[in-house]
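Note sheet for the following structure.
The values are calculated or read from the model by the stated rules, or taken from the named source; none is laboratory data. Note that the structure is predicted; figures quoted are calculated from it, not measured. Cβ sites come from the backbone with ideal geometry, for glycine too, and all protein chains shown count toward neighbours.
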Amino acid sequence: MKKDVAALMTVFLLAAALLISGCNTPRFIKKAEFKETDLIVLTFAGPVDETWAGDSTNFTVNEKPDPDILLDIRSVGLSADQTRLTIEFSEPINQDQPHQVIVKEVLSEGKNLGTQTISVSKSYFGYIFGIFLGALLIQNFVFSKYLGLCVFFGTSQKKTTAVGMGITFTAVIVFASFMSWFLYQFVLKPYRLDFLQIIVFIGLVSLTVQGVDTILRKINPGLFKAFGVYLVLVIANCIVIAVPLILADNEYNMIESLMLALGAGLGFLLALFLMSSVRERLDFADIPVSYRGLPIAFIVAGLFALSFMGFSGMSIF
Amino acid sequence: MDPLYIKLAFGGLALLASIGLFFGIGLALAAHKFAVEVNPKVEAVKEVLAGAQ
């Protein structure tokens, strides 16, 4: 029974991944990539005409969201074997945005291959890994967005509870944000009901928790006992509602939203683990009476938040 | 009022109601299918206890 479910899930995920990766048709422009801060390099399948390439009016480049704003091209250079073309801009370009390059009337060995369009973006793997690491460390939901603090202080007194809560939370948030992504993209948006997203997401989260509770109780009582109390506490956590809202705002696709949810869950687990490690030791420390318990925990959380600020502004790829 | 908004409102009502009904029935079926037998004595003992905590 459990194996069947796992197999079904794998098949479903694989099919979805295939659908998203799409079908790449072979083209004359083989590759387009960013170089340094102000260069885009195009690689062609065959040699192109030198005089055609020397004319920079044959190329227009814009950021994908604003097709009206054309970027200023300073020069266009061709490599010796005439297959690599370097477009240099007069200002550094924002490489976090995908760019669109339109190449007019490509001339290759006397033949006109027509106008071609290609989009340039950073490597997709790096992008989704960036989302994951961003949610985990750089924009950690507890330490830099100050979300989910109630549950965070409530369950970080002991390491075992903290880890139990963290793992339960990660499992629930991945499932819940997948469901809300699906509902948002395929139900709310097409029917223009996206202004109701908060209500719908709240319902979905509690539905997920209730469903996991019911099913786990029967299928895996051991795990249910371990999750036990925390499962209900997840409803009271606002990270679990923040993640679907962020997904809806940023129009993430399925893989990106799974990465964000996973990052948020593991980030919460990390925060809980760090905090509980400190609080276990605080029990033996000589703290002034008025600071014992919650006040010192708040101070420790503030110190953690300060140290997590060290991650801010980092970019990995 | 703009008929578009009225259409949107009633469409949304119907849609959300059907989603709610769908998931509600789903949960009910799940609760039925994955029902766990609870020893009735547990409840009985809980009833008798003082229950201050």
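Condition check: modelled with pLDDT of 80 or more and of a type in the set (G, A, S). Does A:G126 satisfy that? Here the answer is yes, as A:G126 does meet what is asked. The residues in segment A:170-197 that are part of a helix (DSSP H, G or I) and over 20 Å from the mean Cα position of the chain (by Cα) can be counted, and the count is 5.
Only residues that are of a type outside the set (D, E, K, R), surrounded by fewer than 23 Cβ atoms within 10 Å (Cβ to Cβ) and either over 25 Å from A:N220 (Cα atoms) or under 19 Å from the mean Cα position of the chain (by Cα) (or both) were counted across segment A:141-169, and they come to 8.
Across segment B:28-43, which residue is nearest to the other protein chains (Cβ to nearest Cβ) among those that are in a loop (DSSP other than H, G, I, E, B) and within 12 Å of A:R217 (Cβ to Cβ)? Working first, answer last.
First, the residues of segment B:28-43 that are in a loop (DSSP other than H, G, I, E, B): B:34-39.
Those still in the list that are within 12 Å of A:R217 (Cβ to Cβ) too: B:34-38.
Values: B:F34: 4, B:A35: 7, B:V36: 5, B:E37: 10, B:V38: 10 Å.
For segment B:28-43, the residue satisfying everything is B:F34.
Of the residues making up segment A:175-195, those that are surrounded by fewer than 21 Cβ atoms within 10 Å (Cβ to Cβ), under 21 Å from A:A135 (Cα atoms) and away from chain B (no Cβ under 11 Å) are A:F175, A:F178, A:F182.
All of (1) outside any helix (DSSP H, G or I); (2) of a type outside the set (K, R); (3) out of contact with any Lys or Arg (no Cβ under 8 Å at 6 or more places or on another chain) hold for A:F152 with one exception: (1). Restricting segment A:196-252 to residues that are within 14 Å of chain B (Cβ to nearest Cβ) and hydroxyl-bearing (S, T, Y) leaves a set whose member that is farthest from A:W181 (Cα to Cα) is A:T214.
Only a single item in (1) surrounded by 10 or more Cβ atoms within 10 Å (Cβ to Cβ); (2) closer than 30 Å to A:F186 by Cα is not met by B:H32, and it is number (1). Scoring B:A17 on the criteria (1) at the interface with chain A (Cβ under 10 Å from one of its Cβ atoms); (2) surrounded by 10 or more Cβ atoms within 10 Å (Cβ to Cβ) leaves a single failure, condition (1).
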